[in-house]
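Structure first, commentary second.
Please treat every number below as a calculation from the coordinates, not as lab data. Predicted model only: the values in this text are computed from it and were never measured. Cβ: placed from backbone, ideal geometry, glycine included. Neighbour counts: every protein chain shown.
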Amino acid sequence: VGHHRGRDRRGGIGAATAQLLIDGGATVAVAARSHHEQTPSGAAFIQGDITTLTGANAVAEEALKILGGLDILVNNAGAATPRLPGSEMSTDEDWLDALMINFMSAVRVTNPLLKSLRESGSGAIVNVTSGGVIPFHGFLAHYGAAKAALSSYTRSLAKELAPAGVRVNLVTPGAIITPGGDEGRQQLAAAFGITVEQLYKAIPLEGRPGTAADMAEMIAFLASDRAAYVTGHNHFVSGGQGELA
C-alpha cells in the first residue's frame with residue numbers, strides 16, 4: 001500500500017515498487033488521493049487520503065477487502081516544504097503537516113492492518129524514510145523530526161512483531177532521480193549556492209544519483225523471503241552516502 005501526493009519527493013518509487021512486486025507474483029493494491037499515470041495497470045487502485053485517521057482506516061479496510069489478507073505493507077508517503085532561511089520560518093501548521101504526512105500516515109495505515117499481518121505468520125513491513133544521507137538543515141527541521149519519529153517507530157514495531165514472524169525494516173533513499181526529488185535537490189542546491197551536479201559529485205559511487213528502480217529492488221528484497229532473517233534495520237540506498245560516508 002503506497003501513497004502519492006503532488007509534493008511527494010519520491011514520486012516514482014511507489015510505482016516502481018508496485019510493478020516489481022507484481023512481476024514477482026504479488027497481488028498489489030496502491031493507495032493515493034488521485035490516480036496517477038505511473039500507477040501500474042496490474043495494481044488495484046484505492047483512492048483515499050491516508051493523512052487523516054478516517055481516510056487511513058478507509059484505505060486499510062478497502063485493501064483488506066480487495067486482497068483478502070495482507071502479508072506485505074509498504075509505507076511510502078512523504079513530503080516537505082522547505083522554509084528558508086531556517087527553522088524559525090516554519091509555522092505550527094508546517095510542523096503538524098510534516099508529522100501527519102511523514103509519520104502519522106504510516107501509523108494510521110499500519111494499525112488496522114496489524115491483525116492481518118500477524119495472521120500471515122511471515123509478513124513484512126517496509127517504511128520509506130528520506131534525507132538520512134545528509135544532516136537536516138533548519139529549513140527542513142520539521143521534515144527531519146517527522147522522519148526521525150518514523151525511524152523510531154520502525155524499530156519499536158520490529159521488536160513487537162518479531163515473535164509473530166513479521167519483519168519491519170526502514171529504507172533510506174539518497175539522491176534518487178524522480179520528478180519530486182529533482183525539484184527538492186534544486187531547492188537544496190540553490191540554498192547552498194551550488195549546482196545540482198555539485199551535489200551529485202559528493203556521492204561516493206561514481207558521483208551519480210540513483211533511480212526509483214534501485215529503491216524498488218531494496219524494498220522488494222526486504223518484503224521477500226530472501227530477507228527472512230532481517231528486521232529492525234535501516235537500509236541505505238544512497239550510493240555510499242550516509243552512515244558509512
Could you tell me which chymotrypsin sites (Phe, Trp or Tyr not before Pro) in the stretch 170-245 are loop residues by DSSP with no more than 16 other beta carbons within 10 angstrom of their beta carbon? Y229
Amide H to amide H under 5 Å from A124: which residues, 5+ apart in sequence or cross-chain, H placed 1.01 Å off N in plane? I72, L73, R167
State, to one decimal in nm, how far the label point of L53 lies from the label point of S151, with both points 7 Å from Cα in the Cβ direction. 2.8 nm
The answer for GluC sites (Glu not before Pro) in the stretch 205-245 that fall in a DSSP coil and have at most 13 neighbouring Cβ atoms within 10 Å is E206, E243
Using just the helices of the chain, give the 222 nm mean residue ellipticity in deg cm²/dmol: DSSP H runs with n ≥ 4 each add -39,500 (n - 2.57), and the total is spread over all residues, rounded to 500. -12500 deg cm²/dmol
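Looking only at the chain, where both bridge partners belong to it, what percent of the DSSP beta bridges are antiparallel (to the nearest 5)?
Working: 0 of 19 bridges.
Antiparallel bridges: around 0 percent, rounded to the nearest 5.
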Reachable aspartates and glutamates, given that their alpha-carbon falls under 17 Å from the alpha-carbon of K159 and they are not under 8 places away in the same chain: E119
Given all pairs of different Cα atoms, what value in angstroms does the Kirkwood hydrodynamic radius of the chain take? 18.0 Å
For V237, other-chain or 5+-apart residues with amide H closer than 5 Å (H placed, Pro excluded) are T172, G174
What aspartates and glutamates sit close enough to K115 to cross-link, taking a C-alpha to C-alpha distance under 16 Å and skipping anything fewer than 8 places away on the same chain? E61, E62, D71, E160
Spatial separation of Cα centroids for the stretch 19-63 and the stretch 143-195, in angstrom: 20 Å
